[in-house]
1. Lys and Arg at +1, Asp and Glu at -1: add these up for the other residues within a Cβ distance under 11 Å of B:Asp39 and post the number.
2. Which whole-Hz couplings ³J(HN,Hα) result when phi for each residue of the range B:66-74 is put into the Karplus expression 6.51 cos²θ - 1.76 cosθ + 1.60, θ = phi - 60°, listed in order with x for Gly and Pro?
3. Residue by residue through the range B:105-111, what is 3J(HN,Hα) from phi via Karplus (6.51 cos²θ - 1.76 cosθ + 1.60, θ = phi - 60°)? Round to whole Hz and write x for glycine and proline.
4. Output wanted: per-residue J couplings in Hz (rounded whole) for the range A:58-69, from phi through Karplus 6.51 cos²θ - 1.76 cosθ + 1.60, θ = phi - 60°, x for Gly and Pro.
5. Counting Lys and Arg as +1 and Asp and Glu as -1, what is the net charge of the other residues whose Cβ lies under 15 Å from the Cβ of A:His90?
6. Once you list every other residue whose beta carbon is under 9 Å from the beta carbon of A:Asp47, what net charge do they have if Lys and Arg are +1 and Asp and Glu are -1?
7. Specify which residue in the list B:Thr133, B:Leu118, B:Asn62 is farthest towards the positive end of the charge dipole of the range B:54-135, using unit charges on the beta carbon of Lys, Arg (+1) and Asp, Glu (-1), about the Cα centre.
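Taken together, the values in this text are just the output of simple stated rules run on the coordinates, not laboratory data. As the structure is a prediction and not an experimental result, all values here were calculated from the model. When we count neighbours, we look across all protein chains shown, and the Cβ atoms used for this are built from the backbone with ideal geometry, even at glycine.
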Amino acid sequence: MLWSDIEKLNTLFEPWREFDRLRRELSRISNGGRVDFPAVNVWTSPDNAVLTTEIPGVELKALNISVTGNVLTLRGLRGGEQLQPDEVYHRKERWQGDFAKTIELPFTVESDKVQARYAKGVLYVSLPRAEAEKPRKIEVMT
Amino acid sequence: MQDMAVEGVKREAQASEKAERTRQRKAYLPDVDIIEKKDDIVILADMPGVDEKSVNVTLEKNVLSISGKVDAELPKEHKLTVQEYGVGDYERSFTLSSEIDRDRIRASVKNGVLRLVLPKASAAKPRTIEVRTEA
């Protein structure tokens, strides 16, 4: 048996993970492979969501995060290098300019408890689910 | 494939034929700007997740290689529901055309951007060769 077969077998045991991966791939393809800057990843649990995004070179003061209901908006500016008249670009691949991106979350967020951290060009935003929206157990009175 | 890069989507680095990577994970090509200034060549490379300790720059002959290791912090007990980018290491090499003063190369990392300043070697001064007549 080849190693690749064993790997296939492993994915059989975890069909949902494979399904999830396919679904993510498909949603990416349906966007034409194009993603607005900055690219984001969203992790969710029943009570929390964590958004991560790579925005290397963005200064903290040029970054604005706001949350309304279940929508998070990231705004910012990634400036470029100021060139002198005798300086030239040989390559220019890095994205630059103003950006604004809105991300819809699966639940309403407790906006007072949102926490954000920026390190090494990666932004982490922790978004707790609103208390009012959490499923509540209802006591049945006799 | 490299020319087909789509904005905002990271390009995966291809392992070179000579050497294989020791870490079994994806490596991406960092997006770069290369600027030629009067006395220096400046390279800016987007390497989010990398700091000054995890970046490596080597210059061998005229091949400049940059690499960076990323130890991603993944949220525990969460499921990835939206994925627009992948997380992995970075590697990319360039062949330099100008003579570089290798002792004065400077590298710094700020907010996940590597900045390399490669000073040009003072241009070989034109020498006049004296021709003497044989007595």
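1. -1
2. Couplings: 10, 8, x, 9, 10, 9, 6, 8, 9 Hz.
3. 5, 10, 9, 8, 10, 9, 6
4. Those phi angles translate into 7, 7, 4, 6, 9, 10, 9, 10, 9, 10, 9, x Hz.
5. Net local charge, A:His90 excluded: -1.
6. +2
7. B:Thr133
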